[in-house]
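What follows is a single structure, written as structure tokens, with notes after it.
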Amino acid sequence: MVSRRTVLSGGLVASAAAALAACSPSNSGSSAKKGSGSDAGALKFRIWDSTAKAAYEESLKKFTEESGIKVEVEVVPWDDYWTKLPLDLSDGASDSAPDVFWLNSASFTQFQQAGALVDISEKLGGSVKDWEKAVVDLYTRDGSLWGVPQVWDSIALFYNKNLTDAAGVDPTTLAFDPTAGSDALRDAATALTKDGVFGFNAACDRQSIIGPFLSSNGAEWQDANDMYAFDSEQGVQVFSYLAALVNELKVAPSAADTNTNGDFARDLFIQGKLGLFQSGPFSLKTIHDSVDGAFEWAIAPMVAGPKGAKSLVHGVVAAGNAKREDQESVVKLLEWLGSKEGQLPLGEQGISFPGHVDAQQSFVDFWKEQGVDVEQFIEAAKNPGPADTGAKSLAGLNAVMPVFQEIFAGNLSAEEGVKKAQEEGNAAMA
């Protein structure tokens, strides 16, 4: 499943798995009404993760010095974000609406179709070449880009070097093939599974497991009309393969644990009880701080399939409120948030990979100082699989993920479950 941990860097809908500036209206930048403690006349930039607030405040301090435009960073917690934002944007000129705000890939289309977003291609088209292409592609619709890439993540393979060395496993060359009697991943996971240790984190995780495995096996996720298309021979093969790792080979933790706790596999890895953990940079800090030298670990390329290794790349963008009166200030803020200088604090403070390509080295350097090489995530982003698109993709994910969980639990066969998930997901998005 997908948990709250993925929200900042990846932007995938955490609610579905539980099942990637502005304060008040600027009103020409001077007459906004403010609540208690707010800075009158400031733009409001809304985000959902408090860990990014300090980095943004450092960045925006310089923006204010150079532009004279004040910006208030407003944190609305994830659990309230997607309820509050649509209400505030229903009247985009209201005092409660943000001027600039974070969006994820599963949610932006509904706001774009409602005419609520600034067209980035029109206002800042010359900057598009400077941003991570996978994220740009994710937020491009109807020929235009609808958000400024801020942070992103991809998928790679964390491994416990003590365990892999002892088992004679090379984690850098792992691959799967559902049509073969066995493969490098199954062999490695089997060799690692003993004495209370599991080999691999096969789990109902859309971002780290399901998406990459489907794409790497040549299965589609959605079709050209944003409807689910994973009910195919290749799609059934993947779910059958992953469920077998859990229920037949027993080289992965039980779905009874991973379905109810999206951090279960990560925590097993931290405890030295999981040899191979496929995940994203959103797991970096917790792993680094929690392992704290208890064993040696590193990061390898994600597991490849018959079609190669295809990571999911999720990104968060800063979107502009198209209904604000002072569009000039909104666009200036968006331009700053998309600049290398504006994004450096996000990398330098270890928040996530910045969306500006030239700022990404700051995140690499942050982790290099901690003794961790994160280059595999950059490599993974070069060949991404499809992420969720469409105005109703949140509803679709909320429908399909519980069915997928039943497959991993062994309560539904892959053939039955994949068919049911596609039918119910598409009905939810119709």
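Could you say which residue among SER94, SER121, SER144 is hydroxyl-bearing (Ser, Thr, Tyr) and either within 18 Å of the chain's Cα centre (by Cα) or at pLDDT below 95 (or both)?
Values: SER121 fails: either within 18 Å of the chain's Cα centre (by Cα) or at pLDDT below 95 (or both); SER144 fails: either within 18 Å of the chain's Cα centre (by Cα) or at pLDDT below 95 (or both).
Exactly one residue qualifies, and that residue is SER94.
Of the conditions (1) open to solvent by 60 Å² or more (accessible area, probe 1.4 Å); (2) of a type in the set (A, V, I, L, M, F, W, C); (3) not in a loop (DSSP other than H, G, I, E, B), ALA244 satisfies every one except a single condition; which number is it?
Against the list (1) open to solvent by 60 Å² or more (accessible area, probe 1.4 Å); (2) of a type in the set (A, V, I, L, M, F, W, C); (3) not in a loop (DSSP other than H, G, I, E, B), ALA244 comes up short only on (1).
For region 361-384, what are the residues that are outside any helix (DSSP H, G or I) and either at pLDDT 95 or above or open to solvent by 10 Å² or more (accessible area, probe 1.4 Å) (or both)?
Within region 361-384, GLN370, GLY371, VAL372, ASP373, VAL374, LYS382, ASN383, PRO384 qualify.
Specify which of the listed residues (LYS250, LYS273) is open to solvent by 30 Å² or more (accessible area, probe 1.4 Å) and at negative phi.
Among LYS250, LYS273, only LYS273 is open to solvent by 30 Å² or more (accessible area, probe 1.4 Å) and at negative phi.
Can you find, within region 207-226, the residue that is surrounded by the fewest Cβ atoms within 10 Å (Cβ to Cβ) among those that are modelled with pLDDT of 95 or more and among the aliphatic types (A, V, I, L, M)?
Among residues in region 207-226 that are modelled with pLDDT of 95 or more and among the aliphatic types (A, V, I, L, M), the one surrounded by the fewest Cβ atoms within 10 Å (Cβ to Cβ) is ALA219.
Tally up the residues in region 253-270 that are assigned to a loop (DSSP other than H, G, I, E, B) and open to solvent by less than 30 Å² (accessible area, probe 1.4 Å), please.
3
From the list ASN162, ASN201, exactly one residue is under 21 Å from GLY293 (Cβ atoms) and not hydrophobic (A, V, I, L, M, F, W, C). Which is it?
Result of the check over ASN162, ASN201: ASN162.
From the list ALA188, ALA167, pick out the single residue that is more than 29 Å from the chain's Cα centre (by Cα) and of a type in the set (A, V, I, L, M, F, W, C).
ALA167
Among the residues that make up region 288-297, is at least one of them open to solvent by 30 Å² or more (accessible area, probe 1.4 Å), at pLDDT 95 or above and part of a strand (DSSP E or B)?
Yes: one or more hits.
Name the pairs: first residue in region 342-361 and closer than 11 Å to ALA54 by Cβ, second residue among the hydrophobic types (A, V, I, L, M, F, W, C) and part of a loop (DSSP other than H, G, I, E, B), Cβ to Cβ under 9 Å, at least 6 apart or on different chains?
PRO345/ILE351; ILE351/LEU8
Restricted to region 171-181, and to residues that are in a helix (DSSP H, G or I) and open to solvent by 30 Å² or more (accessible area, probe 1.4 Å), which residue is nearest to GLN376 (Cα to Cα)?
THR172
Applying the selection to region 121-170, what residues are closer than 30 Å to TRP297 by Cα, crowded, with 24+ Cβ neighbours inside 10 Å, touching a Leu at 6+ places or on another chain (Cβ under 9 Å) and small (Gly, Ala, Ser)?
Listed by number, the list holds a single entry, SER154.
I need the full set of residues from region 97-110 which are open to solvent by less than 50 Å² (accessible area, probe 1.4 Å), of a type outside the set (Asp, Glu) and either modelled with pLDDT of 95 or more or more than 13 Å from ALA318 (Cα to Cα) (or both), in order please.
ALA97, PRO98, VAL100, PHE101, TRP102, LEU103, ALA106, THR109 - these are the residues of region 97-110 that are open to solvent by less than 50 Å² (accessible area, probe 1.4 Å), of a type outside the set (Asp, Glu) and either modelled with pLDDT of 95 or more or more than 13 Å from ALA318 (Cα to Cα) (or both).
May I ask you to list the residues in region 227-241 that are buried (at least 24 other Cβ atoms within 10 Å of the Cβ) and assigned to a helix (DSSP H, G or I)?
GLY235, VAL238, PHE239
Scan region 331-359 residue by residue and report those that are open to solvent by less than 10 Å² (accessible area, probe 1.4 Å), within 16 Å of LEU284 (Cα to Cα) and in a helix (DSSP H, G or I).
Within region 331-359, LEU346, GLY347 meet the criteria.
Under the condition of being in a helix (DSSP H, G or I) and closer than 21 Å to PRO86 by Cβ, which residue from region 392-424 is most open to solvent (accessible area, probe 1.4 Å)? I'd like the intermediate steps shown before the answer.
Quick first cut of region 392-424, residues in a helix (DSSP H, G or I) only: 393-408, 414-424.
Now drop any that are not closer than 21 Å to PRO86 by Cβ, which leaves 393-399.
Numbers: SER393: 0, LEU394: 36, ALA395: 42, GLY396: 0, LEU397: 3, ASN398: 66, ALA399: 22 Å².
Residue satisfying both the conditions and the ranking: ASN398.
I'd like to verify a number: residues in region 65-112 that are part of a helix (DSSP H, G or I) and basic (Lys, Arg), how many?
Result for region 65-112: 1.
Please indicate, with yes or no, whether at least one residue in region 310-326 is of a type in the set (D, E, K, R), within 25 Å of ASP177 (Cβ to Cβ), under 22 Å from the mean Cα position of the chain (by Cα) and not in a strand (DSSP E or B).
Yes, because at least one residue in region 310-326 is of a type in the set (D, E, K, R), within 25 Å of ASP177 (Cβ to Cβ), under 22 Å from the mean Cα position of the chain (by Cα) and not in a strand (DSSP E or B).
The values are calculated or read from the model by the stated rules, or taken from the named source; none is laboratory data. Since this is a predicted model, take the numbers as computed values, not measurements. So basically every Cβ, Gly included, is an ideal-geometry build from the backbone, and we count neighbours across all protein chains shown. Protein only, heavy atoms only, side chains kept; ligands, DNA and RNA dropped before computing areas. Shrake-Rupley method; radii C 1.70, N 1.55, O 1.52, S 1.80 Å.
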